[in-house]
1. Which residue is surrounded by the fewest Cβ atoms within 10 Å (Cβ to Cβ), if the candidates are limited to region 348-362 and must be closer than 12 Å to Val326 by Cα and small (Gly, Ala, Ser)?
2. Note down all Cβ pairs under 8 Å where the first residue falls in region 364-377 and is in the same structural domain as Val223 (by TED's automatic domain parsing) and over 14 Å from Lys228 (Cα atoms), the second is at pLDDT below 95 and part of a helix (DSSP H, G or I), and they're at least six residues apart or on different chains.
3. What's the total number of residues in region 167-204 that are more than 22 Å from the chain's Cα centre (by Cα), among the acidic types (Asp, Glu) and under 21 Å from Glu323 (Cβ atoms)?
4. Among the candidates Asp155, Asp142, single out the residue that is of a type in the set (Asp, Glu), within 26 Å of Tyr199 (Cβ to Cβ), out of contact with any Pro (no Cβ under 7 Å at 6 or more places or on another chain) and modelled with pLDDT under 95.
5. Within region 71-89, does at least one residue satisfy the condition of being in the same structural domain as Thr147 (by TED's automatic domain parsing), free of Cβ contacts under 8 Å to residues at least 24 places away in the same chain and over 26 Å from Ile216 (Cβ atoms)?
6. Among the candidates Arg280, Arg285, Arg340, which residue alone is assigned by TED's automatic domain parsing to the domain that holds Arg354 and within 13 Å of Glu242 (Cβ to Cβ)?
7. Please enumerate the residues belonging to region 150-168 that are of a type in the set (D, E, K, R) and away from ligand 1 (no atom under 16 Å from the Cβ).
8. Hey, among the residues in region 20-57 that are at positive phi and within 11 Å of ligand 2 (Cβ to nearest atom), which one's nearest to the chain's Cα centre (by Cα)?
Amino acid sequence: MSTFKDLGLLPVLTDKCAAMGYTEPTPIQKQAIPFILEGRDLIACAETGTGKTAAFLLPIVHKLIEGPKRPGTKVLILSPTRELANQTEEFCRKIAPKGVTCTAIIGGSGYKRQMDSLKNGANIIIATPGRFIDFMDQGLIDLRGLTTLVLDEADRMLDMGFLPSIRRIEKKIPSTRQTLFFSATMSAEIEGIAYKMLYDPELIEVSPRGKASRLITQTAYPVSPNSKMVLLLELLEKDSLERVLVFTRTKRGADRLAHVLEKRSHSSNRIHGDRSQSQRDAALRAFKSGKTNVLVATDVAARGIDIDSVQHVINYDIPEAPEDYVHRIGRTGRAGNHGRAITIFTTAEEHSMRAIERLTGEKVERVVHPEFGGHIFAETSSVRSTAGGPKRSYRSFGGRRRR
Ligand code: ADP
Ligand code: MG
């Protein structure tokens, strides 16, 4: 068994690991930390919930402690969402000793406070691209001393939505920097873009990329479109599910669903891009503390968020991209805990289910509900004979009802 000390980390950091209850480095930490300490560029892929944050932050903080202690931005970590940036900053504060400073630069809140922390020369900036570029364009961030760039959820940061921002930021930082890309998923296309931003990179793949966490039990329910809500309520109520994160495709869908849940007296809340940052923060806090049992979310909560008590993830709408599936269900089954993922889908979405199975390389068990999906079963079962696709099994839902 190797330890954090074996990886070459300073005692002040191995002590923090022990204090957080990290007895042993996870596989991605074992593989990535020595390369980062050496100064190498990385593409690092590992399953959701396996400690990628500490895999990059521990060696980054180690190097800052060893380097000259002066104010000024040396590390930039970019995240796709404000919630993830906040979470990463929180972790950074936990492990960074006095003298190593960090700040989150995110949209939706704290403009003045963030500006002040930049003036004070925070060493580590954890940012979402929009607000960061806003400050950068105002000349408020001195990036000349930057030594390390991290793209967390790298494939998302390099997709069409974020890439133009990343390119603008890249132009302003020294080309001698170390660049680190971390994610659980990475398509070949995005990898091509990534390689162009890296110098002689090391590629680390702890498990085949795109693989869902092995700690998650996955099930899928084929239903007719107008049975989705009834099935969701049945699952929540008859099975008394606890600590449930429900994903919808749209913000409106999330509002509608949350409304129905409220009417049915579920303690629930919602998080999506049209809510104010304080509403988003409050919703996440209440769910984390257990005050609300069901959190309805769009993909804004699909990546990176670490809430150890999430027991169930339900895809009320099947995700648009198969990668989103891996990230959404990855909100459970974290840090060695088991979790359960349920996907509700209609016959018209069978192809999306199959795309997910192709990406993850495993079949998802279909459970046919006699009331909601009976006629769907007849259609989908013919899929079984389709050559090439992964074999799937069908289990009839509700054995307990027949007893
Ligand atoms: P990822 O980015 O890979 O999805 P995170 O960095 O969010 O995963 O970590 C997931 C959880 O695992 C966090 O709660 C974190 O505190 C915990 N964790 C990280 N490293 C270890 C470790 N070595 N031992 C125990 N728990 C760990
Ligand atoms: Mg992460």
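The values are calculated or read from the model by the stated rules, or taken from the named source; none is laboratory data. Because the structure is predicted, anything quoted here is derived from the model rather than measured. Every residue, glycine as well, gets a Cβ built from its backbone with ideal geometry; the counts of neighbours run over all protein chains shown.
1. Once the filter is applied, the top-ranked residue is Gly361.
2. Final answer for the pair search is Arg366/Thr380.
3. 0
4. Numbers: Asp155 fails: modelled with pLDDT under 95.
On inspection, the qualifying residue turns out to be Asp142.
5. The answer is no; no qualifying residue exists.
6. Numbers: Arg280 fails: within 13 Å of Glu242 (Cβ to Cβ); Arg285 fails: within 13 Å of Glu242 (Cβ to Cβ).
Exactly one of Arg280, Arg285, Arg340 is assigned by TED's automatic domain parsing to the domain that holds Arg354 and within 13 Å of Glu242 (Cβ to Cβ), namely Arg340.
7. Of the residues in region 150-168, the ones of a type in the set (D, E, K, R) are 152-153, 155-156, 159, 167-168.
Residues satisfying the conditions are Asp159, Arg167, Arg168.
8. Filtering region 20-57 down to residues at positive phi leaves 21, 39, 49, 51.
Filter again for within 11 Å of ligand 2 (Cβ to nearest atom), leaving 49, 51.
On the way: Gly49: 8, Gly51: 11 Å.
In this case the residue turns out to be Gly49.
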